[in-house]
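Okay, so here's the structure we're looking at.
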Amino acid sequence: GRKGPRGGEKKPYEVERFKQDGPPPGGFPPIDTERKSTNTPNIPSWAIIGLTISMMGYGFYGVWVGNRERRALKLEKWFIRTTMLPLVQSEEDVKFLARQAKKRAREAEIMKDVPGWKVGESVYHSKRWVEPPLNAMNFNGRWGPLHEE
């Protein structure tokens, strides 16, 4: 015979309808809508808010104390550094002058055959003091000696 429109053996009007679920015999039991009491304590909102504010206040107080202590340590560190600065600077000046003397002695040795050369004269033609360039001659011993003396 003839087949249905979807290729099945039965035609749409011959297919059994599905069976719909229904309630059980006697119906469903009633739904319990009563509020159940729990064991959680009934804390009022003002107590929760007050506890939150007090804990935050304690935290802010801790931050304030920590900031004060950090500021005092920073001031102490600054005071120590500014107190020691002249001593450290004088030590560096002594080292610088020793390096300059060594450099001038070497310059005199190298340039002894050049007529009109003045040892230690600035090459910048300025009345201002210009810091010497950073090279191995100025840092002899720090970056390793450029030559053996």
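The values are calculated or read from the model by the stated rules, or taken from the named source; none is laboratory data. This one's a predicted model, so the numbers in the text were calculated from it and none came from an experiment. When we count neighbours, we look across all protein chains shown, and the Cβ atoms used for this are built from the backbone with ideal geometry, even at glycine. All accessible areas refer to the heavy atoms of the entire protein, side chains included, with ligands and DNA or RNA removed. Shrake-Rupley method; radii C 1.70, N 1.55, O 1.52, S 1.80 Å.
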Just order 96-109, 53-66 by mean Cβ neighbour count inside 10 Å, highest at the front, would you? 96-109, 53-66
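Ignoring ligands, DNA and RNA, what accessible area per residue does segment 54-99 give at 1.4 Å, in Å²? Can you show the working numbers first?
On the way: 4350 Å² over 46 residues.
That works out to 95 Å² per residue.
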If I model a spin label as a point 7 Å beyond the Cα along the Cα-Cβ vector, how far apart are those points for residue 54 and residue 36 in nm? 3.4
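May I ask for the percentage of alpha-carbon pairs in segment 8-116 that lie more than 22 Å from each other? Write down the numbers at each step before the final one.
Numbers: 4632 of 5886 pairs.
Cα-Cα pairs of segment 8-116 separated by over 22 Å account for 79 percent.
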quick shape note, segment 35-79: Cα extents on principal axes in Å, largest first -> 69, 16, 9
